[in-house]
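Chemist: Okay, here's the structure, questions in a sec.
The values are calculated or read from the model by the stated rules, or taken from the named source; none is laboratory data. Remember, predicted model here, so these are calculated numbers, not experimental data. So basically every Cβ, Gly included, is an ideal-geometry build from the backbone, and we count neighbours across all protein chains shown. Protein only, heavy atoms only, side chains kept; ligands, DNA and RNA dropped before computing areas. Shrake-Rupley method; radii C 1.70, N 1.55, O 1.52, S 1.80 Å.
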Amino acid sequence: ESDAGDYTCVCGDKQSTASLAVHALPVLFKEELKNEEVQEGASVSLRCELTKAAPVQWKIGSKVLKASDKYQMRQPGTTAELVIHDLEVKDA
């Protein structure tokens, strides 16, 4: 999208200008989340991969998760990862 704009070719005192529009592709899941079974007290890493870098939001049900000692969120490039520490039964 940052490449959109007016481009001009100049030759001496003559020029030709064209406008370039770039349509963004939708973000899709290249690799989706996988179900996990983990022991109480352990940690788990949930990971998915997107077709391009984009902001993500992690939720459990309708509750939006915030980074804390329990929830660690990372997003290197197109991979989004949620690490949940010190798992409890209620985290299922």
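Chemist: Being at pLDDT below 95 and not in a strand (DSSP E or B) narrows it down to one residue among GLU40, GLU1, GLU36; which is it?
Modeler: It is GLU1.
Chemist: Quick one: in the range 13-24, of everything that is open to solvent by 70 Å² or more (accessible area, probe 1.4 Å) and not in a loop (DSSP other than H, G, I, E, B), which residue is nearest to SER68 (Cα to Cα)?
Modeler: Per the criteria, the residue is LEU20.
Chemist: Looking for whichever is in a loop (DSSP other than H, G, I, E, B), without any contact (Cβ under 8 Å) to a residue 60 or more places away in the chain, among the β-branched types (Val, Ile, Thr) and open to solvent by less than 100 Å² (accessible area, probe 1.4 Å) here; the options are VAL10, VAL27. Which one fits? Talk me through it step by step, then tell me what you get.
Modeler: Working: VAL10 fails: in a loop (DSSP other than H, G, I, E, B).
Going through VAL10, VAL27 in turn, just one is in a loop (DSSP other than H, G, I, E, B), without any contact (Cβ under 8 Å) to a residue 60 or more places away in the chain, among the β-branched types (Val, Ile, Thr) and open to solvent by less than 100 Å² (accessible area, probe 1.4 Å): VAL27.
Chemist: Before we move on, is GLU49 modelled with pLDDT of 95 or more, out of contact with any Cys (no Cβ under 7 Å at 6 or more places or on another chain), of a type in the set (D, E, K, R) and in a loop (DSSP other than H, G, I, E, B)?
Modeler: no
Per-residue answers, yes or no, for (1) of a type outside the set (Val, Ile, Thr); (2) open to solvent by 70 Å² or more (accessible area, probe 1.4 Å); (3) in contact (Cβ under 8 Å) with a residue 12 or more places away in the chain:
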position	(1), (2), (3)
GLN39	yes, yes, yes
LYS52	yes, yes, yes
GLN57	yes, yes, no
MET73	yes, no, yes
